[in-house]
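One structure is given here, and the rest of the page talks about it.
The values are calculated or read from the model by the stated rules, or taken from the named source; none is laboratory data. Keep in mind the model is a prediction, meaning the values are calculated, not measured. Note: ideal-geometry Cβ built from the backbone for every residue, glycine included; neighbour counts use all protein chains shown.
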Amino acid sequence: MIMNDVVSRLWRAMPVAVLMLVAMAGAASAQASWQAEWDKTVAAAKTEGKVVVGMSPSTVRRDFLLKQWKQDYPEIELSLSIISSSGFVPQVTTERAAGKYLWDIWHSGPNFEVIKAGLLDPLQPEMILPDVKDPALWGGWDDAFYDDGKQLEMGLVNDLESPYYNAAVIAPERAKAEGLKVMLDPAYKGKIVWFDPRVTGPGEPFLSLFAHVFGDEGLKKLVVDQDPVFVGNMNDAAQAIVRGKAVIAVAGKPQSNLADYTQAGVKIDVRPFGATPETAYRGTDGAALGVFTKRPHPNATRVFVNWIMSKRIAALMSVAVQYDSRRKDVRPLDPNFTMLPGAFYIDAQRAENHAREYMEKVREMRPQ
Amino acid sequence: MTTEPLDAVPVSAFAWVFRRLYMARGEIVAAAVFAAVAFLVLYPIGTVVYLTFVPNELSGVFGTIPWYRAFSEPGMLQSVLNTIYVVVAVQVISMPLSVGISWFLARTDLPGARMIEFCFWIMFFLPSMGVMTGWLLLFDPDFGLFNQWLIDAGLIKASIFNLYSFWGIVFVHLTTYGISVKVMLLTPAFRNLDSSVEEASFLCGANRWRTLIRIVLPLMTPAMLVVLLMSIIRGLETFEIEQVLGTPIKFQVYSTKLYLLMANSPPEFRAAGTLGTAVLAMVLPLIVLQRWASTRRSFAVVGGRGGNARIRLGRWRWPAFIAMAGGVAFMSLLPFLMLVAGSFMKLFGFFDLPQVWTFDHWATALADITFIASLRNMLYLGFGTAFLAVGIYALVAYCAVRAKSRLRGAIDMVTWLPYTVPGIVLSFGYLNMALQVPIFALLYGTVGALILVSFLASMPLGVQVIKVNMLQMGTEIEEAGRIVGGGWTRTFRRIILPIGSPTLAVVGIMVFASTIRSVSSIMLLSTGANRVLSVLQLEFLSGGSLGPAAVVGTVIVLISLAAAIVVRLVSSRFGIQARG
Amino acid sequence: MSLTPPSLSISDLTKRFGRFVAVDSIALELRPGELVALLGPSGCGKTTTLRMVAGLERPSAGEIRFGDRVFVSIPRAIELPPEKRQIGMVFQSYALWPHMTVFENVAYPLQLRGIAKADIRGKVAAVLDLVNLGGAGDKQIPQLSGGQQQRVALARALVYEPALMLFDEPFSNLDTQLRGQMRMELKMLRRKVEMTGLFVTHDQVEALSMADRIAIMHAGRIEQIGSPSEVYRQPKTRFVRDFLGRVVNLRGTADAGGFRIAAGGERLAVAATHDVHPGATAELSIRPEFVAIVPAGAPDRPNSINATIEELLFTGDRFEARMRVGGDNVLFDLPSDRAWAEGESVRLHLPTDAVSIWSLEPDAK
């Protein structure tokens, strides 16, 4: 049969044809292919007109995102909600039970409840731009992603957090030499201010670090014998340092905490204990990224993901919010306070570090 | 006009049943009101209570039975005791004080009584966080201005009042809601009192003190019980004060433990729900008691004759004024000014900076991309809730007082319930209702959903206050409206509402003010599209921008004040308060 | 004003509050233009009855009709709401609306009836004149005295010319002097305005002076209905006799066609009333003002008996005297135109038609 013959000949020629096409495209217009997809996506996103983002509380990041996005994509509305990580998962599960799918982007955490509840889709398929897709720029997907499957929720920020001290009281040399052990000095009993680590928040991730450095006994010594003053908000911690009530603060970063004070002209010399694995832990500043399943604006979501992960935005945001980007091609803000290459840092937000169990222990040590 | 022939032929059974139903329409309406209120109230509460009995699959190893989980929380017992200490101390101090103040404002010729009363409204509008920060500025043990001045003046060696203490916590409770709510509600109630009641007692030779104790206060029982109960519940619910002042001195209360569970990751809604349900269980007997005490006899004091002679203070007039005005200025104007000043300070509480004052926070807040939309949403929310609330609360309160039905008591009880479960816990129940009830689901993501929730959240306050007012209004006032030819709706609109209007105005303002500043109940229903100013304030606050947060807080207070002033002007213009 | 207002008829009317029977199966008819008083001590059911007529209370059983209209009929499941009954009512508390002026209070019923503004003005002015409150329209309610408030309440009830007027203890909040004045005014008003009315009072003077007929209620039942003089002079029950006015009771024994005073032994020729059978212990009752008292020596009349003045109190216009008649002590007023003396013997003349005899036997009603 002639027909059969023709078909089978064509069939045999197929791989060749495909190979030729790929070679042509790959050589001459690799750019064209992602560019075309990108343009198509942006066009579709503009039709969608909106992207809905839930993010962790951070006024500076929020302001940056709103302003920068408006400048870059004025046609697409960025609807940004500051979410309380505690209420968000029940809220979204309830919404979904009622058939409402309202959210596109998760920009908080990492939060394992979101993952457990099955709210997130793999992130990598959303990446279109080549500099966004390249795992090497992010230190490998295994390091960037927080979920077990390494595909749902990734950290954008390299946040190195160390307790800080008033250098007028504690000699920097001593701090450098002894590291966090200074905190166990009975001289500083009652002089340590600590964002209440019994509540999920900026005080609690330090528990993993302290347990790592001091061991369980040392942690108990710190929490019970040193009688640290727990406070309910960041400003109280900063004030306690500024007013001289406390010498050591375990609450976020001094440059952001004390920014208001130093800008206003308060003279105070506070320094972090260090950037070594023995003095600092690594976190994400609540700026992980994920995409929701059944998101209402899939194309706008894609645009947002590629936008926020791009080198330009990563660099701008790093300066705006004063946190290092995880991108290797964005310079750290302070070359003297950055991760030592190859060193292992406690990452309190990884499940294996049991931050939550330490928190329970502290609740028992300090019931009131 | 309906005409019935004298000897009507026997009617069919169907027609008879129909007529019987028509006769019972009052009861049917009351039943419908009850059903609607009960549904709206019990749906969210039922959700929360139900979940406390469902094993907590989210929290995995950490206790699967919510009740056990919550009450095995370390330090729980001590926290419960601490709560009781605070509540008792606050009520023992505030109750006699508030009754005394209200009596002075309403029943005597105290100069400037209206202004002083208004200052208590200001006190009510002020956010508790703002007030507390203001007090810290004065009474911080180390840098508090007041303590410093006294030390500098050589009067004392060490600070005399430390806000970080049990009495400091009690003090903040008193100056935020403890006294203000009571005075706001008791003053109109005292004003309604027919002066002939007092006069009769004077004629019998009783002095003023005895008159107050033996005659006036017993008549005020329903009003006093309601404010007392509200104040106790509010005290159980508030956690910000102890969170800030109690955490450093190791003083935790029930509500901070509850907050702790909610703030966990994963959040322990169910365990927190058990704590909320426990409050409900504790408060319910009090509600029953209150209902019993306010219905076992008549408390009608507005008889339709109205005499409102004030007691002359004589030579005590000006000393009383100075004491009252001084106290009120200290408790309301001072924190208010500090709040406003704080929004202009470069660093709150730092007077020794090279540059103390700045407009930066205002510029930041007002220039925020979402500010205008949030303001607009807030106004929709505030006015929407206030208008919806005043009308419907009045109807519900009417049914709770006058319905010729056994449901009367049930309606009364049910309206209390949203208050008995802390808003932070109940918000999850509200979320469920807003999403699962088809009509409400249409509103989800809009301001409408927030109005619904705020309406429910304010219902106990609104309904109870109006109820007390209606208990004071004699039934004949209303019956006269019917007899002269007005139907029930017309009588309600033309007689009952206008006579109750001073109270309704107070309720409207209270609902407006508490709606636009509250976050806890609406938080879970808030999205980018229906963001209101209070949510924006929380966003600033949790994002560490204290200055802009203070600005937004100030804006909220100023709007409440403006609304309150307008209401006062309007009501005095139309002579609604003529009797006062 | 209406020519012949239809009449009110109450039948088998009962009201129970739980187990308590407040009104027990009463019947009452009002003739057109008639003012009937419901008189009785507090708790006798009179106010409840009035409120059922007004439509403010739903009967447990029975029927109330007005002319050809059924106000309420429990067996037929008909109930007209108060606003459709076209009645006027003056409340004990007046129930004036404190947020309205005098004018607004009175004008409100007319507004409800959709009457034109100009007409309202005229009608309100006329009715305020009628109650002697002309020109007080702009006053606020709390500015008025008790009597003025009372008049406003009256004006408000009259202004829409209701077919039936109800008064609930209308004068009980006034002082004695004002009360008398208002009674007089209301009486005069009835000459100008024809009204059928029912009013509730516990004050017998009010009932006797104002009402065309009085229904005396006791424990949820009507004891007697009749004209004031009827119920006053010929009480049908012991309760009515004792409740209305003063009464003098003398114990003795009934016989056929007469009554023998105990102790004194004098006999009066009176027909036995109230089922007293001959030979029964009984008491003779008479209103003191019907008794003519003459000094012992004066010309005697039939049906007179002896009495001795035991104590005398001079009160200006008269004497109050405590006298001993037979074995009983009784109180009489004596005219002050003559000097009486303690210990003086007098003769009491008891007109036959003013006397009634009541059995004192245990089974007597």
Practice problem: Inspect segment A:106-127 for any residue being surrounded by fewer than 22 Cβ atoms within 10 Å (Cβ to Cβ), closer than 30 Å to A:Val231 by Cβ and not aliphatic (A, V, I, L, M) and give the result as yes or no. | Solution: yes
Among residues of segment A:65-83 being surrounded by fewer than 18 Cβ atoms within 10 Å (Cβ to Cβ) and more than 11 Å from chain B (Cβ to nearest Cβ), the residue farthest from A:Asn299 (Cα to Cα) is A:Gln71
Residue hits (segment B:341-368; surrounded by 15 or more Cβ atoms within 10 Å (Cβ to Cβ), closer than 18 Å to B:Val555 by Cβ and among the aliphatic types (A, V, I, L, M)) are B:Ala341, B:Met345, B:Ala365, B:Leu366
Checked against (1) more than 30 Å from B:Pro248 (Cβ to Cβ); (2) among the charged types (D, E, K, R); (3) crowded, with 20+ Cβ neighbours inside 10 Å, A:Glu352 satisfies every condition except (3)
Within segment A:164-194, of all residues that are among the small types (Gly, Ala, Ser) and in contact with a Phe, Trp or Tyr (Cβ under 8 Å, 6 or more places away or on another chain), the one surrounded by the most Cβ atoms within 10 Å (Cβ to Cβ) is A:Ala175
Scanning segment A:289-323 residue by residue, those assigned to a helix (DSSP H, G or I), in contact with a strand residue (DSSP E or B) (Cβ under 6 Å, 6 or more places away or on another chain) and closer than 16 Å to A:Arg61 by Cβ turn out to be A:Phe304, A:Ala314, A:Ser318
**Asked** Would it be correct to say that B:Ile483 is more than 14 Å from chain A (Cβ to nearest Cβ), without any contact (Cβ under 8 Å) to a residue 40 or more places away in the chain, buried (at least 24 other Cβ atoms within 10 Å of the Cβ) and not aromatic (Phe, Trp, Tyr)?
**Response** yes
Note on segment A:81-125: residues within 19 Å of the chain's Cα centre (by Cα) and polar (S, T, N, Q) are A:Ser81, A:Ser84, A:Ser85, A:Ser86, A:Ser108, A:Asn111, A:Gln124
Scanning segment A:200-239 for residues that are under 25 Å from B:Leu258 (Cα atoms) and of a type in the set (A, V, I, L, M, F, W, C) gives A:Phe206, A:Leu207, A:Val223, A:Val224, A:Val229, A:Phe230, A:Val231, A:Met234, A:Ala237
A:Lys245 passes all but one of the listed conditions (1) assigned to a helix (DSSP H, G or I); (2) over 20 Å from the mean Cα position of the chain (by Cα); the exception is number (1)
- Task: Take A:Val319 and decide whether it is surrounded by 18 or more Cβ atoms within 10 Å (Cβ to Cβ) and either polar (S, T, N, Q) or away from every other protein chain (no Cβ under 14 Å) (or both).
- Result: no
Apart from one, (1) facing chain B (nearest Cβ under 9 Å); (2) within 24 Å of the chain's Cα centre (by Cα); (3) assigned to a loop (DSSP other than H, G, I, E, B) all hold for C:His99; the odd one out is (2)
Scanning segment C:141-179 for residues that are charged (D, E, K, R) and assigned to a helix (DSSP H, G or I), the one farthest from the other protein chains (Cβ to nearest Cβ) turns out to be C:Arg179
Here the residues within segment B:128-165 that are of a type in the set (A, V, I, L, M, F, W, C), touching a Gly at 6+ places or on another chain (Cβ under 9 Å) and either free of Cβ contacts under 8 Å to residues at least 24 places away in the same chain or part of a helix (DSSP H, G or I) (or both) are B:Met129, B:Trp135, B:Leu136, B:Leu137, B:Leu138, B:Phe139, B:Leu145, B:Phe161
Of the residues in segment B:412-436, those that are within 16 Å of B:Tyr50 (Cβ to Cβ), facing chain A (nearest Cβ under 9 Å), among the aliphatic types (A, V, I, L, M) and in contact (Cβ under 8 Å) with a residue 12 or more places away in the chain come to B:Leu431
Of (1) within 27 Å of C:Ser9 (Cα to Cα); (2) more than 18 Å from the chain's Cα centre (by Cα); (3) not polar (S, T, N, Q), C:Gly137 fails just (1)
Exercise for the section: Inspect all residues belonging to segment C:131-140 and state whether any of them is more than 9 Å from chain B (Cβ to nearest Cβ), in a helix (DSSP H, G or I) and buried (at least 19 other Cβ atoms within 10 Å of the Cβ). Expected result: no
TODO: Please indicate, with yes or no, whether at least one residue in segment C:3-26 is part of a loop (DSSP other than H, G, I, E, B), within 14 Å of another protein chain (Cβ to nearest Cβ), under 22 Å from B:Ile483 (Cβ atoms) and in contact (Cβ under 8 Å) with a residue 24 or more places away in the chain.
DONE: yes
Qualifying residue in segment B:494-502 (condition: under 26 Å from B:Gly448 (Cβ atoms) and crowded, with 22+ Cβ neighbours inside 10 Å): no
task = Would you be able to say whether some residue in segment C:157-166 is in the same structural domain as C:Lys46 (by TED's automatic domain parsing), free of Cβ contacts under 8 Å to residues at least 40 places away in the same chain and either crowded, with 21+ Cβ neighbours inside 10 Å or basic (Lys, Arg) (or both)?
result = no
task = Check whether at least one residue in segment B:9-18 is part of a helix (DSSP H, G or I), modelled with pLDDT under 85, farther than 21 Å from B:Val279 by Cα and in contact with a helix residue (DSSP H, G or I) (Cβ under 8 Å, 6 or more places away or on another chain), and report yes or no.
result = no
If we keep only residues of segment C:233-242 that are within 25 Å of C:Ser11 (Cα to Cα) and in contact with a helix residue (DSSP H, G or I) (Cβ under 8 Å, 6 or more places away or on another chain), then the residue surrounded by the most Cβ atoms within 10 Å (Cβ to Cβ) is C:Pro235
Those strands (runs of 3 or more DSSP E) completely within segment C:252-335 that have 1 or more residues that are touching a residue at least 40 places away in the same chain (Cβ under 8 Å) and either in contact with a Cys (Cβ under 9 Å, 6 or more places away or on another chain) or of a type in the set (Asp, Glu) (or both) are C:281-286, C:328-335
Across segment C:183-207, the tally of residues that are within 25 Å of C:Ile64 (Cα to Cα) and either hydrophobic (A, V, I, L, M, F, W, C) or part of a strand (DSSP E or B) (or both) stands at 9
Within segment B:246-282, of all residues that are at the interface with chain A (Cβ under 9 Å from one of its Cβ atoms) and assigned to a helix (DSSP H, G or I), the one modelled with the lowest pLDDT is B:Ala263
By my count, helices (runs of 4 or more DSSP H) wholly in segment B:488-545 with at least 2 residues that are within 12 Å of chain A (Cβ to nearest Cβ) and over 21 Å from the mean Cα position of the chain (by Cα) are B:533-542
